[in-house]
Amino acid sequence: MAIERTLSIVKPDAVAKNVIGKIYDRFESAGLKVVAAKMKQLSRAEAEGFYAVHKERPFFKDLVDFMVSGPVMIQALEGENAVLKNRELMGATDPKKAEAGTIRADFADSIDANAVHGSDSVENAAIEVAYFFAASEICSR
Ligand code: IDP
């Protein structure tokens with residue numbers, strides 16, 4: 001199996017609920033390693049740039065408003081099949097549809113405030129990791 005990297009964000013709702021550690025435990029228990037991390041208050045421009053692919057969608061403004069509503073915890077995760085593994089740990093976008101035991105089923109409130117972001121492909125993961133981390137900030141081990 002391929003060792004991959006993926007970009008994960010603990011969103012403002014989950015940071016406000018003080019469950020960063022519980023979410024990190026899900027990653028580590030599944031064999032994913034945190035190889036870079038930073039807590040950050042995103043600017044509007046950063047949030048808009050990160051979600052540029054959604055800029056024509058009706059929920060774009062709400063999504064950006066939410067992502068700048070408080071600090072986020074951003075991490076690069078590394079491990080076997082990291083992209084898909086992280087998506088499985090996260091659960092469906094809408095927490096009402098997320099499988100029991102997933103991060104979103106356990107910690108998310110709504111489709112807007114849904115606790116975590118995770119890259120959806122290896123290609124996007126590379127772009128998203130580079131959006132927030134310089135190569136020198138990644139401690140692969
Ligand atoms: P994902 O985060 O599960 O990959 P995406 O489709 O990439 O989902 O959407 C990005 C984010 O935009 C979602 O996590 C969610 O917060 C928000 N979002 C997606 N679809 C809707 C919607 O229909 N209404 C409101 N917010 C949405």
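Every number here is computed from the coordinates shown, using simple stated rules; none is lab data. In this text the structure is predicted, and so the values were computed from the model without any measurement. Cβ placement follows ideal geometry from the backbone for every residue including glycine, while neighbour counts extend to all protein chains displayed.
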**Item:** GluC sites (Glu not before Pro) restricted to the range 1-71 and DSSP loop, no more than 15 other C-beta within 10 Å
**Value:** E56
**Message:** Between K96 and E80, what is 0.36 nm times their sequence separation minus the Cα-Cα distance? Round to one decimal in nm.
**Reply:** 2.9 nm
**Request:** Could you pull out every residue, at least 5 positions away or on a different chain, whose amide H is within less than 5 Å of the one on E4? Hs are placed 1.01 Å off N in the peptide plane, and Pro or chain starts have none.
**Result:** G79, E80, N81, A82
**Message:** Quick check of the Kirkwood formula: for the chain, what is the inverse mean of 1/r over all pairs of different Cα atoms, in Å?
**Reply:** 15.0
**Loop sites in the range 62-141: GluC sites (Glu not before Pro), DSSP, at most 12 other Cβ within 10 Å** = E99
**Complete:** Rounded to one decimal in nm, the spacing of the 7 Å Cα→Cβ label points at V122 and Q41 is 3.9
**Message:** I want to verify a result. In a Gaussian network model of the chain, Cα cutoff 10 Å, which of these has the top mean-square fluctuation: M39, M67, M90?
**Reply:** M39
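Add +1 for every Lys or Arg and -1 for every Asp or Glu among the other residues with Cβ under 12 Å from the Cβ of G49, and state the total.
-1
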